[in-house]
1. When the helices in the chain are scored as -39500 (n - 2.57) per DSSP H run of 4 or longer and the sum is shared across all residues, what 222 nm value do you end up with, to the nearest 500 deg cm²/dmol?
2. How many percent of Cα pairs in the stretch 56-178 exceed 18 Å?
3. Averaged per residue, what accessible area in Å² does the chain show with a 1.4 Å probe, protein chains only?
4. Going by amide H atoms built from the backbone, whose H comes under 5 Å of the H on Lys68, apart from near neighbours?
5. Based on Cβ point charges of +1 for Lys and Arg and -1 for Asp and Glu, what charge dipole magnitude is obtained for the stretch 30-178 about its Cα centre, in debye rounded to the nearest 20?
6. Among Glu17, Glu51, Glu97, which one moves the most in a GNM of the chain with springs linking Cα atoms closer than 10 Å?
7. Enter the Cα centre distance for the pair the stretch 1-64 and the stretch 92-107, rounded to the nearest angstrom.
8. What shape does the stretch 75-126 take by its C-alpha gyration tensor, where a ≥ b ≥ c are the square roots of the eigenvalues and a/c under 1.5 counts as rounded, a/b above b/c as prolate, and the rest as oblate?
Amino acid sequence: MAIGVKVVERPHALAQETYVPAVVKGLGVTMRHFFQNLFGKKHIVTVQYPEEKLKYPARNRGLHRLMKRDDGSVRCVACMCCPTACPAHCITIVAEETGNPNEKRPLIFEIDELRCVVCGLCVEACPCDAIRMDTGEHAHPVAHRADAVLGKNDLLSRAAPSTAHQGGLGPDWRARQS
Ligand code: SF4
Ligand code: SF4
């Protein structure tokens with residue numbers, strides 16, 4: 001069976017060939033929004049950062065910080081869960097002995113904030129609430145690549161005592177709850 005082909009003529013209207021009406025229509029939409037925002041300001045969603053800041057939700061993931069124990073020492077026991085979970089491989093930890101055979105602590109704890117993808121998996125992986133991203137701060141702008149690597153002291157500068165019980169409540173934790 002022969003297939004019929006219907007040839008449709010290209011439109012030759014001057015308006016379609018020059019695009020002038022379409023350009024004018026587009027500029028009209030732009031100018032309408034411009035004057036609406038200039039006088040009404042009801043559609044403006046941007047803010048003058050950093051002078052003006054939005055309130056972030058409580059679970060916003062910001063710059064990392066390390067948490068402290070009640071005695072002021074670092075909570076991290078260098079278990080290596082967070083660098084293992086990190087998909088960007090941006091956490092570097094070198095552990096050292098504490099004298100307690102049950103736990104270590106980080107001699108070096110570094111996070112490369114430029115490689116971090118802000119996924120929060122390090123926080124999820126930590127078994128002792130030693131690392132958080134609840135600072136409400138963005139990663140800071142830096143002039144040199146190396147300055148984006150936060151060390152242990154940088155991370156501890158935003159530290160706070162944790163409400164979690166260091167080392168867990170022990171095997172009889174159910175009995176202690178009652
Ligand atoms: S937020 Fe994600 S990418 Fe960033 S350090 Fe934690 S695990 Fe790695
Ligand atoms: S998961 Fe927590 S305790 Fe383990 S190395 Fe990371 S911050 Fe330290």
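The values are calculated or read from the model by the stated rules, or taken from the named source; none is laboratory data. Remember, it's a predicted structure, so these values are computed and weren't measured experimentally. Neighbour counts are summed over all protein chains in view; Cβ atoms, including those assigned to glycine, are modelled from backbone coordinates with ideal geometry. Note: areas computed on protein heavy atoms with side chains; ligands, DNA, RNA excluded. Shrake-Rupley method; radii C 1.70, N 1.55, O 1.52, S 1.80 Å.
1. Working: 6 runs with 41 residues, N = 178.
Taking each H run of at least 4 residues, the total per residue is -5500 deg cm²/dmol.
2. Working: 4001 of 7503 pairs.
Within the stretch 56-178, distances greater than 18 Å cover 53 percent of Cα pairs.
3. Values: 13310 Å² over 178 residues.
I get 75 Å² per residue for this part.
4. Those qualifying (amide H under 5 Å, at least 5 residues apart or on another chain) are Arg75, Ala160, Ser162.
5. Its charge dipole is roughly 680 debye.
6. Largest GNM mean-square fluctuation: Glu17.
7. Between the Cα centre of the stretch 1-64 and that of the stretch 92-107, the gap is 56 Å.
8. Working: a/c = 3.20, a/b = 1.97, b/c = 1.63.
Prolate, since a/c reaches 1.5 and a/b exceeds b/c.
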